[in-house]
1. Only residues that are among the charged types (D, E, K, R), within 18 Å of residue 239 (Cβ to Cβ) and surrounded by 24 or more Cβ atoms within 10 Å (Cβ to Cβ): list them for the stretch 101-123, please.
2. Out of everything in the stretch 75-100 that is among the small types (Gly, Ala, Ser) and more than 30 Å from residue 169 (Cα to Cα), what residue ends up being surrounded by the most Cβ atoms within 10 Å (Cβ to Cβ)?
3. Among the strands (runs of 3 or more DSSP E) contained in the stretch 148-246, which hold 1 or more residues that are closer than 24 Å to residue 4 by Cβ?
4. Could you figure out which of (1) without any contact (Cβ under 8 Å) to a residue 60 or more places away in the chain; (2) outside any helix (DSSP H, G or I); (3) under 15 Å from residue 11 (Cα atoms) isn't true of residue 88?
5. Provide a single number: the residues in the stretch 123-140 that are closer than 28 Å to residue 248 by Cβ and under 15 Å from the mean Cα position of the chain (by Cα).
6. What pairs come out if I take residues in the stretch 45-63 that are more than 21 Å from residue 149 (Cβ to Cβ) and pair them with residues that are modelled with pLDDT under 95 whose C-beta lies under 8 Å away, six or more apart or interchain?
7. Would a scan of the stretch 147-166 turn up a residue that is surrounded by fewer than 17 Cβ atoms within 10 Å (Cβ to Cβ), at pLDDT below 95 and not polar (S, T, N, Q)?
8. So how many residues does the stretch 173-204 have that are crowded, with 22+ Cβ neighbours inside 10 Å and either of a type in the set (A, V, I, L, M, F, W, C) or within 19 Å of residue 56 (Cβ to Cβ) (or both)?
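The values are calculated or read from the model by the stated rules, or taken from the named source; none is laboratory data. Keep in mind the model is a prediction, meaning the values are calculated, not measured. Quick reminder, even Gly has a Cβ in these numbers, built from the backbone with ideal geometry, and neighbours come from all protein chains shown.
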Amino acid sequence: MTKLERLKEVMAVQTTSYNTKLMNDYIIKYVNKLGGCNVIKKDGNIYVTKGSADVYPCVVAHTDTVHDIEKEMHVIETNGVLLSVNEKYERMGIGGDDKVGIFVALEVLRSTESCKVAFFRDEEVGCVGSKVADMKFFNDAAFVLQCDRRGYDDFVNEIFYTKLYSEEFSNAIQGLLYKYGRVESDGGMTDVYQLAENGVEVCVANMSCGYYEPHTDNEYIQIKEVYATLDFVQELVNDLGDTRWEMPKADRDTDYYDRYAGTYGSRYDTGNYRAYGKGKTKKAYDGYHKHLPDEWTWGDEDYNDKVNRGGYLLPDATCLACGGKEKLSYDETIDRYFCFGCDDYVFDDDVEFSGGGADDQLLEYIEENKKLMETKGNVESSFDDDGVPF
């Protein structure tokens with residue numbers, strides 16, 4: 001199978017909170033087919049160790065999505081994007097959050113001689129799996145990385161005023177951050193934060209990985225941004241994965257008052273609302289991404305327009321309270337929408353999506369391919385006789 005075929009294969013596995021069996025089965029069969037891996041299932045989580053080493057780079061992901069399991073799921077590739085529709089050819093969330101993370105973890109496992117990966121259940125309903133994680137699994141980890149954030153450029157170093165990694169680790173990754181167009185930023189709840197709260201004593205980090213409009217039926221993923229993220233993670237694993245990057249729990253707390261005063265940028269500063277801390281905005285405006293190939297992310301013009309609009313403004317969204325179009329941002333930390341027209345949080349019922357990312361070209365593409373999809377059925381899978389993708 002090609003890398004793209006493997007990506008589509010993961011995207012085609014349906015999973016939702018409290019019902020992750022299909023994804024768990026997929027992961028276990030895939031890992032067993034690779035060989036040389038020790039697999040442990042515990043409390044609904046999956047822990048995999050490959051090879052033998054004193055220190056292992058570690059990548060984690062969560063196995064649930066917020067989307068309901070449909071009767072059928074068709075994965076469509078168009079213009080460098082993957083999206084999905086149901087049996088009625090209506091848009092449905094493809095589940096890039098966090099199937100992209102699963103894909104990256106499996107690819108790292110596939111290409112790395114010695115490493116660890118872990119897959120946690122039910123992150124979307126409160127990090128249920130990582131709360132009961134087997135913390136002994138991470139005793140010999142070099143660091144723990146997760147790909148569980150929308151967009152492309154964020155590399156999350158802090159969540160809820162908890163530092164995820166040390167200054168030493170930050171200094172060590174600056175070259176790769178620049179190479180791949182990443183900027184350190186704060187972020188929302190995810191498993192690596194929970195591991196930090198559990199007391200893991202190594203550096204952890206979360207990062208954007210190329211999915212957009214998560215938690216909506218219009219979710220889609222940018223294929224080349226997923227690939228660039230995978231290359232980035234693989235370089236981190238190869239370059240830094242033989243050293244244990246320690247981060248004691250006592251060093252994780254930040255000073256709330258320094259944070260609020262602007263040392264790192266206020267979480268509630270509506271001037272660059274959540275999408276970018278103050279240092280990050282400066283780097284973005286200074287052309288931080290100009291060295292990147294256009295195919296990795298937006299072209300410079302489109303990227304700067306995105307930054308000037310506030311980062312995570314939702315396309316094709318209208319606030320019914322004030323009539324403002326494309327003035328809404330989604331705050332993942334509290335699961336609410338913020339409207340810059342109202343300058344306040346608004347209720348979900350006040351948010352109306354008109355196409356929400358499914359532009360005319362994509363809708364036409366779906367319409368034109370209905371007959372073909374009806375003929376071929378769901379996304380064709382490349383499984384061996386044992387049901388294992390390869």
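1. 116
2. 95
3. Those strands (runs of 3 or more DSSP E) span 204-208, 220-222.
4. Against the list (1) without any contact (Cβ under 8 Å) to a residue 60 or more places away in the chain; (2) outside any helix (DSSP H, G or I); (3) under 15 Å from residue 11 (Cα atoms), residue 88 comes up short only on (3).
5. 2
6. Once the first residue is more than 21 Å from residue 149 (Cβ to Cβ) and sits in the stretch 45-63, its partners that are modelled with pLDDT under 95 give 50/34; 50/36; 51/36.
7. There is at least one residue in the stretch 147-166 that is surrounded by fewer than 17 Cβ atoms within 10 Å (Cβ to Cβ), at pLDDT below 95 and not polar (S, T, N, Q).
8. The number of residues fulfilling the criteria is 9.
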